[in-house]
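The values are calculated or read from the model by the stated rules, or taken from the named source; none is laboratory data. No experiment lies behind these values; they were computed from the predicted model shown. With ideal geometry, Cβ positions are generated from the backbone for all residues, glycine too; neighbour counts draw on all protein chains shown. These area figures cover heavy atoms from the full protein model, side chains too; ligands, DNA and RNA do not enter into them. Shrake-Rupley method; radii C 1.70, N 1.55, O 1.52, S 1.80 Å.
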Number of protein chains: 2
Amino acid sequence: MQDKTTQATRQAARNNRSRAVSADLIAVVIAVTNGEPRVLTIGHADALPSGPFELGHRSLQSGLRAWVERQTGHPLGYIEQLYTFADRDRTGDERVQISISYLGLTREEQTERSPTHGWRGWYDYFPWEDHRAGVPPILPAILMPRLLAWADEAEDMNLRHNRRQRVAYAFGLDDRDWNEELVLQRYELLYEAALVAEAARGRDNGSPLSVPGRPMIADHRRILATGIARLRTKIKYRPVVFELMPPAFTLLQLQRTVEALAGRLVHKQNFRRLIEQQDLVEETGETMSDTGGRPAKRFRFRQTVLAERTVAGTKLPLSRA
Amino acid sequence: MQDKTTQATRQAARNNRSRAVSADLIAVVIAVTNGEPRVLTIGHADALPSGPFELGHRSLQSGLRAWVERQTGHPLGYIEQLYTFADRDRTGDERVQISISYLGLTREEQTERSPTHGWRGWYDYFPWEDHRAGVPPILPAILMPRLLAWADEAEDMNLRHNRRQRVAYAFGLDDRDWNEELVLQRYELLYEAALVAEAARGRDNGSPLSVPGRPMIADHRRILATGIARLRTKIKYRPVVFELMPPAFTLLQLQRTVEALAGRLVHKQNFRRLIEQQDLVEETGETMSDTGGRPAKRFRFRQTVLAERTVAGTKLPLSRA
DNA sequence: TCAGTTATACTCAAATAGAGCATAATAGGG
DNA sequence: CCCTATTATGCTCTATTTGAGTATAACTGA
């Protein structure tokens with residue numbers, strides 16, 4: 001049934017030339033604890049869990065789960081693929097390295113401190129991304145002036161104009177709104193403008209400007225940015241937030257989690273309206289009287305919505321204020 | 001700066017265990033010609049262009065471009081990554097095969113017929129996906145009865161219920177709307193229910209039911225479904241349709257292209273309203289008097305929107321009728 | 001009992017989306 | 001030249017959806 005062209009192609013896939021490939025699995029594992037989004041790291045909080053895809057692994061996903069558990073002891077729940085990229089291995093040999101990155105969502109267990117891994121607030125890496133308490137001072141004070149200076153230092157007029165527009169768009173300048181999804185674009189601009197530590201590595205320019213945000217090894221911070229961007233996009237149309245919630249929760253807790261992820265505040269009443277009218281949750285019957293004020297009903301996620309609509313829709317109101 | 005845990009991890013990536021990996025690049029290349037979406041195929045229109053990622057390739061993308069050009073002579077414009085998956089190589093050796101799939105958008109050049117490749121309407125592979133002329137007869141006549149029968153043949157009550165719900169959701173039964181984005185979910189249901197030819201391959205069940213849609217080798221039809229789903233989703237929030245358009249076009253031509261992709265019709269006046277108010281296009285000044293009726297203005301895509309908003313938004317009105 | 005705080009129910013207006021009507025500008029056939 | 005068919009284009013109208021604000025309700029702690 002298979003024809004010759006096809007056979008030839010598939011045959012080629014098995015011959016020598018493609019042998020020098022190794023595949024790494026890299027995990028961006030997120031939890032939200034006490035209203036802060038956190039990422040699972042290893043080393044000195046400067047690396048994401050990762051390891052090679054091996055013959056023993058039944059699938060990419062199971063290989064990833066195995067690595068994360070081995071390195072951090074933390075079992076993974078929900079995971080989804082982020083992106084695959086290839087790098088010529090920098091250590092000199094002819095090997096080509098393929099990295100397949102995943103986004104994982106869990107809840108941070110009451111685990112012991114460990115020297116080999118830990119949870120770290122993601123805004124440590126991206127301090128300019130948290131707009132819950134208004135625009136972070138670092139933006140107008142440091143980043144924007146430097147970004148604009150970088151844009152203006154371009155010789156070519158078109159390049160200058162292009163840089164300015166990209167900055168304005170990514171950082172919501174002029175009359176534009178801040179778009180919390182553009183995490184990756186912002187990181188890349190900062191990288192291009194050499195305003196993150198990673199940018200200095202390859203080069204020999206000796207200007208170690210004090211530069212914001214904790215760096216990571218290799219391109220791990222970039223991968224983290226990709227994961228954050230994906231998550232910020234996805235919570236708006238899929239019920240993934242619930243992967244980060246305990247079995248029962250109040251609507252305010254749910255709201256705080258969404259706000260933590262989005263890095264911006266939400267209109268409380270509208271948030272409730274949207275959640276309720278979508279039938280995403282049901283009351284447990286209990287009520288919580290924790291932080292002063294009227295006790296809140298507790299809810300649980302209606303697991304059935306996952307069955308009903310495998311690709312269910314969820315909407316979240318992210319106000320502009 | 002790097003700590004030991006990390007070094008050890010990255011070291012592991014280079015040792016023996018991960019050596020037996022080869023990476024394939026697979027392309028879903030789409031064009032829209034005469035109001036029909038078409039996919040670039042090789043062989044007897046039963047395979048997607050693909051080939052191994054090799055040392056000579058500068059990047060995954062350039063490797064993909066090289067393979068597509070070599071196999072089809074067709075240069076690629078816009079491409080984006082779709083998904084990466086791994087299979088144990090079925091030919092018996094211990095090799096693990098990683099496939100990285102891409103979506104490419106171009107325009108079909110006035111090329112010669114070729115025995116080794118060609119363009120094929122994508123609805124040949126998914127006849128149930130074209131709802132432009134109403135619900136395709138194949139759905140009520142063949143697929144729905146068989147799908148429901150498949151759901152009911154489950155022993156377990158919960159499984160039965162779950163199957164029914166998935167079918168109802170994916171195919172828009174009862175009061176639900178048809179959701180054109182669920183291409184992959186529908187294909188997977190049909191696969192599970194053994195209603196596509198590919199499903200019979202691994203098994204020895206000898207019931208070669210007449211089954212709809214042209215099959216492809218391996219999992220290529222599944223990859224194509226992934227690409228179609230991605231494209232149908234993406235045209236709603238990114239200005240990617242224009243990659244498929246000639247330099248100048250009328251609004252109706254643009255509309256027909258969108259309809260071809262979405263597999264459903266669009267409200268003409270609202271379509272224009274949306275396109276125009278988003279400043280996506282500008283008049284060329286010319287006018288077309290082709291198919292009877294009042295001549296239409298010709299437009300071109302405002303290339304600057306790509307610069308203005310690297311991740312620009314686009315909205316399209318997909319009516320329910 | 002009062003002040004502070006959160007929960008929850010509603011109301012209102014602006015923006016968006018879905019549909020339909022009306023008019024304009026062509027080609028082609030009596 | 002007039003009439004008909006056909007597509008282009010401009011506008012109106014209504015139902016929804018979204019963003020925001022007001023008004024109560026139900027607790028805790030002083």
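Annotation: amide H of B:HIS267 within the under-5 Å range of B:SER319, sequence separation 5 or more or interchain, hydrogens built in the peptide plane.
Which pairs in the list B:LYS234/B:LYS268; A:LYS234/B:LYS268; A:LYS236/B:LYS297; A:LYS297/B:LYS236; B:LYS234/B:LYS297; A:LYS234/B:LYS297 are over 28 Å apart, alpha-carbon to alpha-carbon?
A:LYS234/B:LYS268; A:LYS236/B:LYS297; A:LYS297/B:LYS236; A:LYS234/B:LYS297
Reported to the nearest whole Å, the Cα centre-to-centre distance from the stretch B:226-271 to the stretch B:146-188 is 28.
Rounded, prolate or oblate, given the Cα gyration tensor of the stretch B:239-308, with a/c below 1.5 counting as rounded? Note, shape of the stretch B:239-308 comes out oblate. For the stretch A:229-278, the convex hull spanned by the alpha carbon atoms encloses 76 Å³ per residue. Treating r as the C-beta distance of B:ASP174 and A:LEU55 and R0 as 51 Å, the FRET efficiency rounds to 0.65.
Per-residue shielding of B:42-50, expressed as the average number of other chain Cβ atoms within 10 Å of the residue Cβ, stands at 4.
Here's how it looks for A:HIS117: its modeled amide H is under 5 Å from none belonging to a residue 5 or more places away or on a different chain. Placing a label point 7 Å from the Cα of A:ASN162 along the Cα-to-Cβ direction, the residues of the stretch A:120-147 with a backbone N closer than 19 Å are A:147. When the solvent-accessible area of the stretch B:111-183 is split by element, carbon and sulfur atoms take up 52 percent of it, the probe being 1.4 Å. Length, then width, then depth: along the principal axes, the Cα atoms of the stretch A:28-185 run 55, 45, 26 Å.
In this assembly, the A-B interface accounts for approximately 5400 Å² of buried accessible surface in total, computed with a 1.4 Å probe and without ligands, DNA or RNA. The convex hull built on the alpha-carbon positions of the stretch A:42-91 has an orientation-averaged projected area of 4.7 nm². Using a probe of 1.4 angstrom, how much of the accessible area of the stretch B:239-308 is carbon and sulfur, in percent? After summing per-atom areas, the C and S share lands at 47 percent.
In order along the stretch B:168-184, phi translates into HN-Hα couplings of 4, 5, 5, 9, x, 6, 6, 8, 6, 8, 5, 10, 5, 7, 7, 4, 5 Hz, rounded to whole numbers, per the Karplus curve 6.51 cos²θ - 1.76 cosθ + 1.60 with θ = phi - 60° and x for Gly and Pro. Using equal-weight Cα scatterers in the Debye expression, the normalised intensity of the stretch A:131-213 in log10 at q = 0.15, 0.25, 0.26 Å⁻¹ is -0.56, -1.41, -1.47.
Annotation: amide H of B:LEU25 within the under-5 Å range of B:GLY51, B:PHE53, B:ILE100, sequence separation 5 or more or interchain, hydrogens built in the peptide plane.
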